[in-house]
Structures are given as structure tokens and as C-alpha cells.
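Enquirer: Dropping a structure here in C-alpha cells format, bear with me for questions.
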Amino acid sequence: MSLLKDKNVLITGGSRGIGKGIVEVFAENGAQVGFTYHSSQQPADELVASLERNGSKAKAYKSDASEFEQAEKLIKEFIEDFGSIDVLVNNAGITKDNLLMRMTEDDFNQVIQTNLNSVFNLTKASLRPFLKQRSGSIINISSVVGLKGNPGQANYAASKSGIIGFTKSVALELGSRNVRSNVVAPGFIETEMTEKLEEKTVQTWRDAIPLKRGGTPHDVANTCLYLASNLSSYVTGQVLQVDGGMLT
Ligand code: NAP
């Protein structure tokens, strides 16, 4: 399938986990793919090499999504390299879990800065090119935690709820220019982020999911593929849950 043929796509946090799944699925579907990483240079280089072996154009950028100036520089460089930007996936994210009683100001600020400010930074920096070409798809990775909250994740939940309000506002502001903005809210997806959890907790989560398994990065990537492609040309301002029915 070539649902993304000739589309230039930028994904933040593509070196591992869900972001890597999105990079792979988009490249398999004909996209030219740029992605960022923060510190995982070797996995990023290996991913680029494997995409190039399969005939895709790909490039990894070391860029901290939480820094506004780096985001502006990144979009400029991406457009120089690829010619235009058609799809932006804001995926980069971190957790710093703790009960509120023990959560430090730094834990709170770092999570908001990385998960929410990053979405503002990258969206703002790619706004002009999107408006000029009168097309674009912005896909922001939130979480079911942003819809329902979670004990020990007040910082993370706030960042992920914030993404939803931001995305809907952007959809309303940019709709008349044919720029779409949607959220994907994954449930429990088995990546390095969830490896930090105890096996007992993980099993409890799996048992509570109607589809009786954790999701894979490719489960999330396939929903992003729909939102990136023209199949979703009349879809904007929406939150698509990819959670095996967890939050129903
Ligand atoms: P992960 O395996 O920990 O990967 C996180 C990715 O984000 C890595 O590529 C990392 O780059 C990048 N990153 C972190 N901080 C960054 C920064 N400041 N600038 C640029 N890149 C940065 O996480 P994941 O599980 O794939 O999660 C991806 C997204 O899905 C996150 O937004 C997360 O909140 C969301 N999500 C995950 C789950 C889940 O169950 N896993 C559920 C709901 C939502 P480096 O490798 O260089 O560090």
C-alpha cells in the first residue's frame, strides 16, 4: 500500500517505542520520513539505515522537542532536506510518576515541558508552511490517562489532557485552510516506557482490557496512518482511542 506516497512526514521521538512504530509504518506506506530523538543516537542511526535499505528516504535529527528554538531550527532544516512538510506527529513524551504528596516541582515542570510545550513548539514552528500550502495533518499523541486521570501521574495526565484542548483549538483555527489536527490516545502499549512498571501491575492492566492484551506500537501507528492519509480527509478535532476497549 502507498497511502502516504510523496508525503513528507516529521515524527518527534522516533528512535524507539511507539514513535519508531509510526516511522516504520509510514515508510512502508511510501512516506519520506524525518524523525527526532533526544539521546538515543545509535538506535536512531540503525533505524535510518534499515529504512534506507528498504528504499525509503529517511533522516534522524537530534533535537529536544521541549526547546522552542530547537523546534524552529528543526522545521527549517526538515524543509531544506525534504522540500515541504505534509504531516507532523508529536509523539515525544516522558513520565516522572509519583504521588502528588511526593511529586517535586521539577517532576511536574519537566513532564509538562516535554509532553505539552513540545506540541506547542513543533506545531507553531510548522504553522506557516502548513498555512501556505493549504494542507497538512497534525497528529498529537495523548493518552487515555489524559481522559480519565491516573493516581501517581498528575503531571502526565495534565500534560496529556492539555494536548487534547490544544489540538481541538488548532483544529478550529486551521480548518478553513485545510489543516487538520487530531489526537491519538493510546491505552496500555508495551514499550520501554511501560517496561518500568512491575509485572504484577502489567498483568492487572492486561486482564482489565476487553481485548485481553497490551497494544503494540504498530497498533497505534496504524491509526496514525489513517489520520495522516487522505482516508481521513474529513476528520479533524477528534480523539481516537487505541486502547483495546480499556476506556469504554
Ligand atoms: P518511549 O519508549 O519511552 O519513547 C519515547 C520517545 O520520545 C523516544 O524516542 C525518546 O527519544 C523521545 N523523547 C523523549 N524526550 C524527548 C525530547 N525532549 N525531545 C525529543 N524526543 C524525546 O515511549 P513510548 O511508550 O513509545 O511513548 C511515546 C508516546 O506515546 C509518548 O508521548 C507517551 O506519553 C505516549 N503514550 C504511551 C503509552 C504506552 O503505554 N507506552 C500509552 C499512552 C501514551 P530518546 O530515545 O532519544 O530518549
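Enquirer: Output the helices (runs of 4 or more DSSP H) that fall wholly within region 1-84 and possess 1 or more residues being within 15 Å of the ligand (Cβ to nearest atom), under 26 Å from residue 110 (Cα atoms) and in contact with a Cys (Cβ under 6 Å, 6 or more places away or on another chain), or say none. Working first, answer last.
Expert: Details: elements: 17-28, 41-53, 68-82.
Counting at least 1 such residues, we get 17-28.
Enquirer: Continuing with the same structure: Need the failing condition index for residue 196 against (1) basic (Lys, Arg); (2) in contact (Cβ under 8 Å) with a residue 40 or more places away in the chain; (3) open to solvent by less than 70 Å² (accessible area, probe 1.4 Å), just the number.
Expert: (3)
Enquirer: Can you tell me which residues in region 223-237 are buried (at least 16 other Cβ atoms within 10 Å of the Cβ) and of a type in the set (S, T, N, Q)?
Expert: 223, 229, 232, 236
Enquirer: Scan region 46-68 for residues that are open to solvent by 80 Å² or more (accessible area, probe 1.4 Å) and out of contact with any helix residue (DSSP H, G or I) (no Cβ under 9 Å at 6 or more places or on another chain) and jot them down. So that I can check it myself, show each step before the final result.
Expert: First, pick out the residues of region 46-68 that are open to solvent by 80 Å² or more (accessible area, probe 1.4 Å): 46, 52-54, 57, 62, 67.
46, 52, 53 - these are the residues of region 46-68 that are open to solvent by 80 Å² or more (accessible area, probe 1.4 Å) and out of contact with any helix residue (DSSP H, G or I) (no Cβ under 9 Å at 6 or more places or on another chain).
Enquirer: Would you mention how many residues in region 203-220 are out of contact with any Lys or Arg (no Cβ under 9 Å at 6 or more places or on another chain) and either open to solvent by 80 Å² or more (accessible area, probe 1.4 Å) or in contact (Cβ under 8 Å) with a residue 12 or more places away in the chain (or both)? First the steps, then the outcome.
Expert: As a first pass, look at region 203-220 and keep what is out of contact with any Lys or Arg (no Cβ under 9 Å at 6 or more places or on another chain): 203-205, 207-211, 215-216, 218-220.
From the residues that got through so far, the ones that are either open to solvent by 80 Å² or more (accessible area, probe 1.4 Å) or in contact (Cβ under 8 Å) with a residue 12 or more places away in the chain (or both) too are 204-205, 207-211, 215-216, 218-220.
The number of residues fulfilling the criteria is 12.
Enquirer: Is it the case that region 158-169 has a residue that's open to solvent by 20 Å² or more (accessible area, probe 1.4 Å) and assigned to a loop (DSSP other than H, G, I, E, B)?
Expert: no
Enquirer: Pull up region 99-148, narrow it to residues that are in a helix (DSSP H, G or I), over 18 Å from residue 70 (Cα atoms) and within 11 Å of the ligand (Cβ to nearest atom), then point me to the one that is most open to solvent (accessible area, probe 1.4 Å).
Expert: Pass one, region 99-148, residues in a helix (DSSP H, G or I): 105-133, 145-148.
Now drop any that are not over 18 Å from residue 70 (Cα atoms), which leaves 105-109, 130-133, 145-148.
Right, trim to within 11 Å of the ligand (Cβ to nearest atom) and you get 145-147.
Details: 145: 9, 146: 11, 147: 81 Å².
Among those residues, the one meeting the criterion is 147.
Enquirer: Being under 13 Å from the mean Cα position of the chain (by Cα) and at pLDDT 95 or above narrows it down to one of 23, 33, 48, so name that one. Spell out the reasoning first.
Expert: Working: 33 fails: under 13 Å from the mean Cα position of the chain (by Cα); 48 fails: under 13 Å from the mean Cα position of the chain (by Cα).
Of 23, 33, 48, the one residue that is under 13 Å from the mean Cα position of the chain (by Cα) and at pLDDT 95 or above is 23.
The values are calculated or read from the model by the stated rules, or taken from the named source; none is laboratory data. From a predicted model like this one, the values you see are computed outputs, not experimental measurements. So basically every Cβ, Gly included, is an ideal-geometry build from the backbone, and we count neighbours across all protein chains shown. Ligands, DNA and RNA are excluded from the accessible area calculation, which covers all protein heavy atoms including side chains. Shrake-Rupley method; radii C 1.70, N 1.55, O 1.52, S 1.80 Å.
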